[in-house]
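Laboratory data are not the source of any read-out in this text; all were calculated from the coordinates shown. The structure presented is a predicted model; accordingly, all values stated were derived computationally and were not measured. FYI the Cβ positions are ideal-geometry reconstructions off the backbone, even for glycines, and counts take in every protein chain you see.
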Amino acid sequence: MITMLKQKKETKRKSVSIKQQIISFIREKALKYVSLLIPAKVSFYFYNLLGSYLFLELHRSKIKMQITSSQIKAITKYIKPDNNFLIFGLGNDSGFWSTINKKGRTYFLEDHQGWFDKIKQRFPGLEAGLVSYGTKRSQWSELLFDKNRLELDLPDEIKDTKWDVILVDAPMGYDDEKPGRMKSIYMASKICKKGGFVFIHDCEREVEDKYSETYLKNAVEEVGNLRVYKIE
């Protein structure tokens, strides 16, 4: 009897899982199709006006954002009027973040010259600067407690600004030949103001996790592979 009940429960669970996968597939295809018909400016306008999850999904699909809608909402709830918002990494979503924080200051740090030029051409009004990390991800363990080597050469204007919110989504860190996010996480811990918030994307990866727990420590929220830290 118990075995039969367990089998029924497992069958029901699998059935629900399959239904969820089908719904997710249909939803993804529908959003992709609709996003072709609606300009990015329109989807963003209605998201900004209504705060609608649907229009956020449409806009995200339109501009090919990697961060999920749930993660976007998690970040935006911490952004207050007149905030200073620093982002490690330029991308397709840079115009979105700049507009979201239109009453404050948003600044981007990028290490790839070609990508920097491409995004600046698309969004000429963005404030952004080039940086050089000079590291490889393979060095992460030897650099973990070496604060002198983790120091990133930044303009005084950036180091002296009281940053309310910082998003670490760069540099590339998916293999040992890429720079890794050791310096960006360490610098975020230094220049984010007390009481401010730091967001670490790809927090499930070993380097991001180790450096965040070492230098940021106080995690207050996690949405998928995005972790939120409060600076104390």
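Under 5 Å from the amide H of residue 163 lie the amide H atoms of 193, each residue being 5 or more positions distant or on a separate chain, with H modelled from the backbone and absent for Pro and chain starts.
Derived scalar couplings between HN and Hα for region 103-120 equal 8, x, 10, 10, 10, 10, 10, 9, 9, 9, 4, x, 5, 4, 5, 5, 6, 5 Hz in order, rounded to whole Hz, by the Karplus curve 6.51 cos²θ - 1.76 cosθ + 1.60 (θ = phi - 60°), x for Gly and Pro.
If you take all other residues with their beta carbon under 11 Å from the beta carbon of residue 138, and give Lys and Arg +1 and Asp and Glu -1, the sum is -1. Charged neighbours of residue 87, selected by a Cβ distance under 12 Å, balance to -3 (K, R count +1; D, E count -1). Amide H contacts of residue 105 (H built 1.01 Å from N, in plane; Pro and chain starts excluded): 83, 84, 85 sit under 5 Å, all sequence-distant by 5 or more or on other chains.
Summing Lys, Arg as +1 and Asp, Glu as -1, what charge do residues with Cβ under 13 Å from the Cβ of residue 125 carry, residue 125 excluded? Summing Lys/Arg as +1 and Asp/Glu as -1 gives +3. Calculated FRET efficiency, residue 156 to residue 204, Cβ-Cβ distance, R0 = 30 Å: about 0.30 to the nearest 0.05.
Fully extending the segment from residue 68 to residue 193, taken as 0.36 nm per residue of separation minus the present Cα-Cα distance, adds 42.4 nm. Loop-resident chymotrypsin sites (Phe, Trp or Tyr not before Pro) (DSSP state other than H, G, I, E or B) in region 158-196 with no more than 13 further Cβ atoms inside 10 Å of their Cβ: 174.
Phi angles of region 147-162 translate, via the Karplus equation with coefficients 6.51, -1.76, 1.60 and θ = phi - 60°, into HN-Hα couplings of 5, 5, 7, 8, 5, 9, 6, 10, x, 4, 4, 6, 5, 8, 6, 7 Hz per residue; Gly and Pro are given as x. Sorting 172, 187, 182 from the fewest to the most surrounding beta carbons within 10 angstrom yields 172, 187, 182.
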